[in-house]
There are 2 protein chains.
Amino acid sequence: MKQLARTPKDIGHAIRQARKALKLTQKELANRSGVWQETISKIENDVGGTKIDTIFDLLAALDLEIQIQPRTKGMAIPMDELF
Amino acid sequence: MKQLARTPKDIGHAIRQARKALKLTQKELANRSGVWQETISKIENDVGGTKIDTIFDLLAALDLEIQIQPRTKGMAIPMDELF
DNA sequence: AACATTCATGATCTGTAGATCATTATCATG
DNA sequence: CATGATAATGATCTACAGATCATGAATGTT
């Protein structure tokens with residue numbers, strides 16, 4: 001289950017999906033991540049911004065990680081020239 | 001080339017690498033991303049937290065995107081992040 | 001419908017990210 | 001080395017994220 005993310009909203013969606021896949025409530029995820037339920041709700045619904053630290057706390061609690069990669073569409077530079 | 005990221009520091013590293021691969025200065029990246037050079041410096045050096053909105057601004061300017069995926073097996077914490 | 005659980009929202013308060021300007025340090029290169 | 005370019009740091013100020021508590025809405029279960 002790989003999720004592409006180009007906006008904060010994408011992150012929120014992915015987190016909600018992962019949480020539900022693990023059958024966790026926001027409160028349970030709050031407990032194991034240290035992030036408050038109210039904050040999780042806002043992140044999942046893309047209300048305001050969020051700090052990456054908070055995102056990483058949630059991803060860790062959901063056993064997820066992030067990969068940074070060249071965009072697959074509309075690339076300015078060929079992949080070979082990157083890195 | 002795909003960069004794994006489990007901490008804000010990983011993000012900073014990836015951004016710096018991508019910026020240099022594109023032969024951009026922090027100031028140039030600042031111009032095309034709307035993020036200030038001083039802020040980019042702090043992000044690349046992992047000074048304090050950062051908002052995901054800012055990260056996405058930089059990734060977009062670098063033609064990068066994020067993928068969220070289950071944690072792969074292997075080192076949870078890279079050597080240089082211990083202590 | 002009633003009840004319990006889960007999620008969303010609203011207010012206040014504290015901490016801090018980012019903008020902005022100025023300055024200092026570092027790196028490159030002639 | 002000297003000089004110019006690039007990057008880091010520091011101060012101030014504004015905006016807003018997140019903690020916290022309370023409550024309201026939604027969802028589910030019997």
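The values are calculated or read from the model by the stated rules, or taken from the named source; none is laboratory data. Keep in mind it's a predicted model, so treat the numbers as computed, not measured. FYI the Cβ positions are ideal-geometry reconstructions off the backbone, even for glycines, and counts take in every protein chain you see. These accessible areas exclude ligands, DNA and RNA; they are computed on the full protein's heavy atoms, side chains included. Shrake-Rupley method; radii C 1.70, N 1.55, O 1.52, S 1.80 Å.
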Only unsatisfied item for A:Thr72, checking (1) within 11 Å of chain B (Cβ to nearest Cβ); (2) closer than 18 Å to A:Pro8 by Cα, is (2)
Restricting attention to the stretch A:23-60, the residues that are within 11 Å of another protein chain (Cβ to nearest Cβ) and either part of a helix (DSSP H, G or I) or more than 8 Å from DNA strand D (Cβ to nearest atom) (or both) number exactly 11
Selection from the stretch A:54-74 of residues open to solvent by 60 Å² or more (accessible area, probe 1.4 Å) and either β-branched (Val, Ile, Thr) or closer than 20 Å to B:Arg71 by Cα (or both) yields A:Asp57, A:Asp63, A:Thr72
Residues that are within 27 Å of A:Asp46 (Cβ to Cβ), within 13 Å of DNA strand C (Cβ to nearest atom), surrounded by fewer than 17 Cβ atoms within 10 Å (Cβ to Cβ) and not β-branched (Val, Ile, Thr): does the stretch B:38-46 have at least one?
yes
| query | When you look at B:Asp46, is it at pLDDT below 95 and within 11 Å of the chain's Cα centre (by Cα), yes or no? | reply | yes
Across the stretch A:23-37, the tally of residues that are within 7 Å of DNA strand C (Cβ to nearest atom), more than 16 Å from the chain's Cα centre (by Cα) and under 16 Å from A:His13 (Cα atoms) stands at 1
Within the stretch A:12-22, restricting to residues that are within 11 Å of the chain's Cα centre (by Cα) and farther than 8 Å from A:Glu44 by Cα, the one that is surrounded by the most Cβ atoms within 10 Å (Cβ to Cβ) is A:Ala14
